[in-house]
Amino acid sequence: MLWIMPSETLHWEAIHESIGGHELAARILAQRGISSPEAARSFLNPEYYTPADPRELPDLAEAAERLYQAVVRGERILVWGDFDVDGQTATALLVDALRGMGGSVEYHIPNRLTHGHGVQVDVLEEKLQAGIDVILTCDTGVGADREARLAKQHGVPFLITDHHALPETLPDAPAVVNPQRLAPGHPLRDLPGVGVAYKLIQEVYRLANWQGDEIRFLDLVALGIVADVATQQHDTRYLLQLGIERLRYPKRIGLQELMKAAQVDPSNLSADTIGFQVGPRLNALGRLDDASLAVTLLTTDSVEQARQIASQLESLNNERKNLENLIYEAALSQLVREPSLMDYESIVLNGPRWHPGVIGIVASRLVERYGKPAVLLTDWGNSPGIVRGSARSVPGVDIGRAFAANAELLKSHGGHPGAAGCSLEEDLVPQFRRRLSETIAAIRDDSIPAGRVVDAEVAFGEVTMKLADELNRLAPFGAGNPPVHLLTTDLVIESHALMGIGKKHRRILLKDASGVEQTVIWWRGSESLLPRGPIDLLYIPRMNDYKGSRALQLEWLDWRPAASAVSVAAPEVRVIDLRDVPDPLSALPDPPYGVWVEGLPENALPFEPEMLVSRFKPGQHEYLVLWTIPPGTAEFNEMLALTGAHTFYVVAHNRPAAFADFIAQLAARIKYACIAYPEGFPFLQLASAMGQREVTLRYGLDWLAEKGEVGVEWLDGDRLQFMVGDVPTDPETIRQLESSIGALLAETNAFRVYVQKTDSLEALFRETGL
């Protein structure tokens, strides 16, 4: 990916004189368009910023007046929200604020799987028949003309607050409060749904002479801004800065319990904490269950109720992670089997039974990995022959516009420049893939550089805790104000190790030309091969406040060969194909070499035990025999990372696994573990012994537990302890688990068959992990 080097900056000296501290902070502010000392002060400190009047939002004054009158008259108000975190927090804010005034307030959040986004006519009709007097939308409704007219027929005002793209004609409603109606550059234009809701309540409270009381809702505003990836500038940044301060001392019982369950220390909370720890748990509710529970969590006064919901969110978030990894691996497997899918301007993949609540996250991961828009489609919950999908995009490509340009192929579509959704007939997917690629090529805005922005080039010796603290003054980071990216050149890797649950990440020690060393964390680094030879590294400097201990943490972002590495030849990857050799043992070299084998008993192998390598028993080897095939692309890349091999002898034995065989093997392994490992059986050892992906094993254990055949307790260190099972549970849960296991096994079998049959074996090893 292209690196965009910093340009010569002007006027940074005046900014530096005004804000003090390290000059690099002033330089970066100037590079990011902060052109004056006044602008710099208001960017860094909300006390210097003057927010815009809420009434600058079109129709906001009218909506606030009608809402205030509804509260005074005791009318029944229905808040209609959305199931993402922006919609959840906007709904909770409006419900809490209006009930606090004594209003009669109900709320409705659609279910993602049964309703989808927006206002549904049939549900609206039910609410109108039930005697609702005023309808107030949040984070939705700007395209609900039919629904607004229906409410009008019933004599019910339909007040819209939203922030999504405007339709050609606004709905026939008394108020359509949407910052997109403002001119580009207006300080309110970037507000998300919860920001619009906050501005509305600010005006309602002014009418009620409650000015200032609205600040207690800033915690919800901050959650919604970060989770919705709103552009952090002007009023949006101002509200986020204030909201994060309130989140560091949470008053809401629900947030207190949520942070406890997530093991988040609120006193050190940042936008990253929201984006990677708090937000995903709330989002999991909207993706997999009933998002209305989030409103209950964020408004309840009951500690017990909050604790129960927070615990439920933990379970759902773990399920979301498993589903995400499952779909991500399936997507990568598609790209391995059909590399021509990468030839288009966007990645368009169609998967059977991919969960619609998770495909958007996976699309984001594909965008991050490949630097091009991604669309994931699924048949889950649709009419026969229909698929629906979620898309994520890159700067310069308006994916919502690209969908609209191909509307004749789609049954429905909508969204933002950066994210969109659609549905279409499955038979049209190949045509849609081609047409979307052509459209993206035509509409791409080349004035927006696609690449990694380098904020500054520094030597390792300059990167200290003090510098990280200085650069952290630019926080909160996010859309419109990304984390600082530092470049250090001519580095060599001194040592490295896999880390974290599942050994998915890397801890790497690097040294620069002057001998200064720094440790860098590479999240999901096991998915990629380590670079060889001197490199230039782009990374993010952060402060890690873990359990009260502050430390410098550098996060790997990207790398390229250093200039000094041009003449240094990387070790050549050699692949010797023994897949069709009748006697592969006779074709192997003399030891030493390692043998990658999983899923087969060691005593049945023609190798010495010390030669065997697996996920559970890793080892570095220059030469590696691939006796069996890893169960998926992630495990394949993990094999490359764990062994560091350059020469591969590929035998690729494969024994396809059906559901019944898998369960029988798992049950036998559990029986063995109960006898041989009374203190707990390492989960990774079980996965290696079975030759299956970890997520498949987790579902298999859940299936046995739900059937009442075994009890499973997870101990520290990812160890398993087994006990007598309980009574069987819900048959539908068991059926769903069996279906998921079958899908996982099918993906593994398909990947292994590909490795056995492909004519592009060398490319599989040379790629830095698809």
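What is segment 85-163 by shape, rounded, prolate or oblate, if you read a ≥ b ≥ c off the alpha carbon gyration tensor as root eigenvalues and call it rounded for a/c under 1.5, prolate for a/b larger than b/c, and oblate otherwise? It is oblate, given that a/c is not under 1.5 and a/b is not larger than b/c.
The 1.4 Å probe gives accessible areas that order THR733, THR137, largest first, as THR733, THR137.
Note on HIS117: accessible area is roughly 120 Å² with a 1.4 Å probe, heavy atoms of protein only. Per residue, the chain reaches -12000 deg cm²/dmol at 222 nm when only DSSP H runs of four or more residues are counted, each adding -39500 (n - 2.57). From the Cα gyration tensor of segment 578-653, with a ≥ b ≥ c the square roots of its eigenvalues, which class applies: rounded if a/c is under 1.5, or else prolate if a/b is larger than b/c, or else oblate? In terms of gyration-tensor shape, rounded. Of the residues GLY371, ILE440, ALA165, the one whose Cα sits farthest towards the positive end of the charge dipole of the chain is ALA165 (charges of +1 on Lys and Arg Cβ, -1 on Asp and Glu Cβ, taken about the Cα centre).
Qualifying GluC sites (Glu not before Pro) in segment 1-98, where qualification requires a DSSP coil assignment and no more than 11 other C-beta atoms within 10 Å, comprise GLU8. The residues neighbouring TYR107, those whose beta-carbon lies less than 13 Å from its own, together hold a net charge of -2 under the Lys/Arg +1, Asp/Glu -1 convention. With contacts taken as Cα pairs under 8 Å and at least 6 residues apart, the chain reaches a relative contact order of 8 percent. Between MET499 and ASN111, residue separation times 0.36 nm minus the direct Cα-Cα distance comes to 135.9 nm.
With q set to 0.10, 0.11 Å⁻¹, the log10 of I(q)/I(0) for the chain, from the Debye formula over equal scatterers at the Cα positions, is -1.16, -1.39. Loop-located GluC sites (Glu not before Pro) in segment 625-706 (DSSP state other than H, G, I, E, B) with a sparse environment of at most 10 neighbouring Cβ atoms within 10 Å: GLU679.
Set the bar at 18 Å for Cα to Cα. Now go through LYS321/LYS503; LYS504/LYS617; LYS127/LYS152; LYS127/LYS199; LYS671/LYS707 and name every pair that lies beyond it. Those over the limit are LYS127/LYS199. Length available on full extension from HIS653 to LEU715: 0.36 nm per residue minus the Cα-Cα distance, which gives 19.0 nm.
Taking the accessible area of segment 123-253, probe 1.4 Å, and keeping the other protein chains in place, the carbon and sulfur fraction comes to 46%. Summarising the strand pairing of the chain, around 60 percent of its internal DSSP beta bridges are antiparallel.
Per-atom-type breakdown for segment 459-593 gives carbon and sulfur 53% of the accessible area (1.4 Å probe, protein chains only).
Compute the signed sum of charges (Lys and Arg +1, Asp and Glu -1) over the other residues within less than 11 Å, Cβ to Cβ, of GLY118. The answer is -3. For a modelled paramagnetic label at VAL72, 7 Å from Cα along Cα-to-Cβ, the residues of segment 184-217 in reach, with backbone nitrogen under 14 Å, are 204-210. Sorting the segments 442-449, 304-311, 418-425 by their residues' average number of neighbouring beta-carbon atoms within 10 angstrom, most packed first, yields 418-425, 304-311, 442-449.
With each label modelled as a point 7 angstrom along the Cα→C-beta vector, the SER18-GLU517 pair spans 4.4 nm.
Model label sites at VAL123 and ASN268, defined 7 Å from Cα along the beta-carbon direction, differ in position by 4.0 nm. Assign one of three labels to segment 541-673, namely rounded, prolate or oblate, based on the Cα gyration tensor with a ≥ b ≥ c the square roots of its eigenvalues; rounded applies when a/c is under 1.5, prolate when it is not and a/b is larger than b/c, and oblate otherwise. Taking the square roots of the gyration eigenvalues as a ≥ b ≥ c, segment 541-673 is oblate. In this structure segment 617-683 gives 38 Å² per residue of accessible area when probed at 1.4 Å with all protein chains present.
The values are calculated or read from the model by the stated rules, or taken from the named source; none is laboratory data. Since this is a predicted model, take the numbers as computed values, not measurements. Backbone-built Cβ (ideal geometry, glycine too); neighbour counts: all protein chains shown. For accessibility, only protein heavy atoms count, side chains too; no ligands or nucleic acids. Shrake-Rupley method; radii C 1.70, N 1.55, O 1.52, S 1.80 Å.
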